[in-house]
Structure formats: C-alpha cells, structure tokens
Amino acid sequence: GRCCYNMRGDKLFEIAVNGNVNTKSNEKSIDYFDRMETLFSTLPRSISLCSKISIDAKFWISSKRLHETRALDLDNLIKPVLDHLTKMNVINDDANVFELKITKYPTDGEQLLHIEAWEWIACGN
C-alpha cells in the first residue's frame, strides 16, 4: 500500500462573511457577495503563490431556508466562494485546492460563512 502523510502547513487566512448565505447573486444575496469580495480583496496576494491549499468552509444557514430549499447543496454553496477567491486573485485557480472540507449548520441566528485556509503539504509535494 501507499503510505502518505498529508498535513496542513501555515495558516493562510481566516475570514467570516456575514449575510444571506447563498449560491447565486440576486437581490437577497448581494450584500453577502459584496462583503465576500471586499473581505477577499484585503487578503495578501502572496497566498496565490501557494501551489497547494487546504480549505475549511463552514456555512451557518437559516433553519427555515435549509428546510424549504434544495438549492443549498454543499457543492452549490462552495462554488461561488471558490470563484470569488479566484476572481479576487487570492488563489490562482481552484485546481490549487487539494483539500476541501465543507459543513453546513442550521441556525436561528445570523447567517454566516466562516472560511479558513492553510498551505497543504502532501508527500511528494
């Protein structure tokens, strides 16, 4: 068997985006995506030099919305996040993401995306 030790290196960033967590831009989610772009624009451009990245994204979404809609699938939630990270030149390409952990939680409080990223170190790096 192949023995491989994967691990996280230096933390690259940690950011929280408040707002109406959503999968696509519309009048209800515009604040969420604007805030995401603004926050991502403050991150150091040097992150894009990392060839391998680990991302942990946690979404807190209204319990009512989670119950009512099927559109809030994990893959749909993370896609605009990766697209905005690329658009704002934080990462070169989402192909650089080698580890991706996505979790969604129901909440009766404020909706929120919490995202952390690390340098990813794998054997044969």
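The values are calculated or read from the model by the stated rules, or taken from the named source; none is laboratory data. Everything numeric in this text was worked out from a predicted model, so none of it was measured. So basically every Cβ, Gly included, is an ideal-geometry build from the backbone, and we count neighbours across all protein chains shown. For accessibility, only protein heavy atoms count, side chains too; no ligands or nucleic acids. Shrake-Rupley method; radii C 1.70, N 1.55, O 1.52, S 1.80 Å.
Values as computed for the structure displayed
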quantity	calculated
On Cα atoms only, tilt of 74-87 relative to the major axis of the chain in degrees	70 degrees
Distance violations [Cα-Cα > 18 Å] among K11/K104; K11/K101; K52/K101; K28/K58	K11/K104; K28/K58
Coordinate range along principal axes, alpha carbons of the chain, Å, largest first	45, 35, 20
1.4 Å probe accessible area per residue over the range 15-76, in Å²	53 Å²
The chain, accessible surface, carbon-and-sulfur percent (1.4 angstrom probe)	50 percent
Rounded to 10°, Cα long-axis angle of helix 30-41 versus longest principal axis of the chain	20 degrees
Highest-first arrangement of 66-75, 85-94, 29-38, where packing means the average Cβ count within 10 Å	85-94, 29-38, 66-75
